[in-house]
Amino acid sequence: MPFSQLPAVLSAWFCQFIGGLDRRSAPRLLRLLVGALFARGRRTVTSWFRAAGITDAFRPAYGALWAAGRRATGLASRLLGCTLLPLMRDLPGDRLLFALDDTPTPRYGPCVQGAGVHHNPTPGPAGERFVYGHVWVTLAWLAQHPAWYTLALPLRALLYVRAQDVPALAQAYPWTFRTKLELAVELVRWLKRWLGGTGKALWLAVDGGYAKRPFLKPALASGVVVVSRLRKDAHLRSLPPTRRRPGQRGPLPRYGQGKIDLAKRAGQKRGWRQVECVQYGEPVVKAIKTFLATWRPAGGRIRVVIVREPDGWRAYFCTNPEATAAEILEAMADRGAIEQTFKDLKEVWGAGQQQVRNVYASIGAFAVNLSLYSLVEAWAWGRAEADLVDRGRSPWDAEDRRPSHADKRKALQREILRAEIQAVVEQRAEPEEFQDLALRLLELAA
């Protein structure tokens, strides 16, 4: 391996992470992790190979990436257990907040297994309504950093393949069609298995597209509290009676008889009140209306919050009726951090640029990107801002802001390179060793 002076904590995390593979693939995946950390330019798998010093043995390296895709669930479990679980236990509070959403990664070229035409959530200047590529249903932990507000640390992602693309993929692998809601349920159950014993309540902030019965019912059965946006035409009902009428037999009804019209409630001038909450790291005051209602997709009572915004009103709900309006608004604001994570995954790590055609190699490449993102954030968690970003060469850049994920990645690269140089300089190295180090640094710089 071209880099032998990795930080001790990073080496321990890498070793724990690759432990889910066999003894042939594990060392190769370790080299790929280091290569992806130092890759430059377009982040294809071959750029990982060059940064990791992989030359003639590139075919076994592709095999290691395929093996990582086959065992992506075990790798995600190891990432959570060795890296993020200690942080979750140390943070104050009696609940853990997570986000779940899907994102596409564009692909190009024929014969890309699992790729298809999907709706484009972020059309560019040309207004592209559709994008060809993969779609990943992703689960992330919304960690409350003491200085940098909310960070979305990805845990695991599942590949969504359209029903019409499954038959071609099923010819090579035993692949069955599952909707995004079914994939989301699998992620929730996996999360519950791993964190159900922490003693903290699990909250999940999801996009409004997941606020449907096929997802809400299994999520509630797992004991997870769901917070999401509510459709303005949602079929809400009033609360059911709590006492039986004289002579009434059988169980009490679960849903009320009265219909609640969200638009009428939002249009009424009376009933609004002010509530203080923290959104995007800043204290704000929101005008809201909140009440309890029953909703069939959620299986019973929910807490509804209508908030007045400059561009109109919005409605949110929480499956925990005891939740406060401030907790619901803060959770939905924190959910926006996963969108920034998706952006960094594609721009900083080049997710989707790896140019592999096999479906499990694509899954393995995306798992490597997710894992490195969370590992870098965990490594930088307790470090000062001055250790992560140096604006000394840019005195005009004096704006007070938190370090970006790219800053943290570069800081980790500098620490590894500094250790490599010191390891050679402090010992009585031969001229060949100095020359080899210089060539490696030049190759990285180029």
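The values are calculated or read from the model by the stated rules, or taken from the named source; none is laboratory data. Please read all numbers here as calculations on a predicted model, not as lab measurements. Here the Cβ positions follow ideal geometry from the backbone for every residue, glycine too, while neighbour counts run over all protein chains shown. Keep in mind that these areas ignore ligands, DNA and RNA; they rest on the heavy atoms of the full protein, side chains included. Shrake-Rupley method; radii C 1.70, N 1.55, O 1.52, S 1.80 Å.
Listed values, structure above:
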quantity: Residues satisfying the stated conditions in segment 240-269, i.e. within 14 Å of Arg296 (Cβ to Cβ) and under 36 Å from the mean Cα position of the chain (by Cα); calculated: Arg254, Tyr255, Ile260
quantity: Hits in segment 381-408 (condition: of a type in the set (D, E, K, R) and part of a loop (DSSP other than H, G, I, E, B)); calculated: Arg383, Asp390, Arg391, Arg393, Asp397, Glu399, Asp400, Arg401, Arg402
quantity: Lone unmet requirement of (1) open to solvent by 10 Å² or more (accessible area, probe 1.4 Å); (2) touching a helix residue (DSSP H, G or I) at 6+ places or on another chain (Cβ under 9 Å); (3) within 30 Å of Gly199 (Cα to Cα) for Leu79; calculated: (1)
quantity: Tally, over segment 35-48, of residues that are crowded, with 20+ Cβ neighbours inside 10 Å, closer than 15 Å to Ala365 by Cβ and not polar (S, T, N, Q); calculated: 7
quantity: Tabulated pairs, segment 389-411, first closer than 24 Å to Thr341 by Cβ, second open to solvent by less than 30 Å² (accessible area, probe 1.4 Å) and among the polar types (S, T, N, Q), C-beta under 6 angstrom, 6+ apart or interchain; calculated: none
quantity: Options Arg50, Arg70, Arg107, Arg78; residue that is closer than 28 Å to Gly336 by Cβ and in contact (Cβ under 8 Å) with a residue 12 or more places away in the chain; calculated: Arg107
quantity: Complete set of residues in segment 405-424 that are open to solvent by 30 Å² or more (accessible area, probe 1.4 Å) and among the basic types (Lys, Arg); calculated: Lys410, Arg414, Arg418
quantity: Helices (runs of 4 or more DSSP H) within segment 7-109 that include 3 or more residues small (Gly, Ala, Ser); calculated: 8-18, 25-38, 45-52, 58-70, 72-79
quantity: Per-region count, segment 239-291, residues in contact (Cβ under 8 Å) with a residue 60 or more places away in the chain, on the phi > 0 side of the Ramachandran plot and not hydroxyl-bearing (Ser, Thr, Tyr); calculated: 1
quantity: Residue among Ala331, Ala315, Ala323, Ala351 that is touching a residue at least 40 places away in the same chain (Cβ under 8 Å), assigned to a helix (DSSP H, G or I) and within 25 Å of the chain's Cα centre (by Cα); calculated: Ala331
quantity: Of residues in segment 254-271 being open to solvent by 50 Å² or more (accessible area, probe 1.4 Å) and part of a loop (DSSP other than H, G, I, E, B), the one farthest from Ala333 (Cα to Cα); calculated: Gln257
quantity: Answer from Ala8, Ala12 - the residue that is closer than 27 Å to Ala423 by Cα, surrounded by fewer than 13 Cβ atoms within 10 Å (Cβ to Cβ) and among the hydrophobic types (A, V, I, L, M, F, W, C); calculated: Ala8
quantity: Every residue from segment 337-353 that is of a type outside the set (Phe, Trp, Tyr) and open to solvent by less than 10 Å² (accessible area, probe 1.4 Å); calculated: Ile338, Thr341, Leu345, Gly350, Ala351
